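Here it is: the structure, laid out below.
The values are calculated or read from the model by the stated rules, or taken from the named source; none is laboratory data. Fair warning: this is a prediction, and the values are worked out from it, not measured in the lab. Here Cβ is always computed from backbone atoms with ideal geometry, including for glycine, and neighbour counts include all displayed protein chains. Ligands, DNA and RNA are excluded from the accessible area calculation, which covers all protein heavy atoms including side chains. Shrake-Rupley method; radii C 1.70, N 1.55, O 1.52, S 1.80 Å.
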Amino acid sequence: MEKRILLTVIILFVCTSSLFAARSAYAGADAATQATFENLKEGQTLVDFRTAKTGVYNSIYFDPAKVIQEFVQTNGEKPILDYALGLYYSDVLRRYSGRWLISDEELVSNTITYLTKAYENDCWDSWSMSELAYAYMKRGEYDIWAGKSKCPAVYHTGIL
């Protein structure tokens, strides 16, 4: 429980600083425009609607993984961040399989990489071990069920 609280605080700190920077892109926008709901006209796209009044549309590209990786480059490795990234990639894989910016194979590989690093630094729980086992299964490494895998989830979740 303490790890999840610490994880939440760290993630909020790292991501909030990036969100403040992204939000400044909208500082000059008309507040009334941001708070209104309107139906699009026939044939009108969302981009057309957003650029109709000012001619400018700033989108925010926010990549939590990139934010955390930049934080690690500046501040050094933190096992809780490996834990967070592993769970992030696993969550993306479960929710958006086949419909994300990177392939499912990369999502699985990143899940395994980061959750294994977190485990090796004693930053794990049953949830992360379950997600790690799921990633190995998605990779097609079914030998975890036979006890022949390097997957640490086998030893800590009661699979065997």
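Looking at region 110-119, is at least one residue touching a Pro at 6+ places or on another chain (Cβ under 6 Å) and crowded, with 18+ Cβ neighbours inside 10 Å?
yes
Quick check: anything in region 65-80 touching a residue at least 60 places away in the same chain (Cβ under 8 Å), part of a helix (DSSP H, G or I) and open to solvent by less than 50 Å² (accessible area, probe 1.4 Å)?
yes
Table: residues versus (1) within 22 Å of Leu132 (Cα to Cα); (2) of a type in the set (Asp, Glu); (3) at pLDDT below 85.
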| residue | (1), (2), (3) |
| --- | --- |
| Ala31 | no, no, yes |
| Phe37 | no, no, yes |
| Leu40 | no, no, yes |
| Gly43 | no, no, no |
| Thr51 | no, no, yes |
| Gly98 | yes, no, no |
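Specify which of the listed residues (Leu40, Leu85) is among the aliphatic types (A, V, I, L, M) and part of a helix (DSSP H, G or I).
Within the list Leu40, Leu85, the selection yields Leu85.
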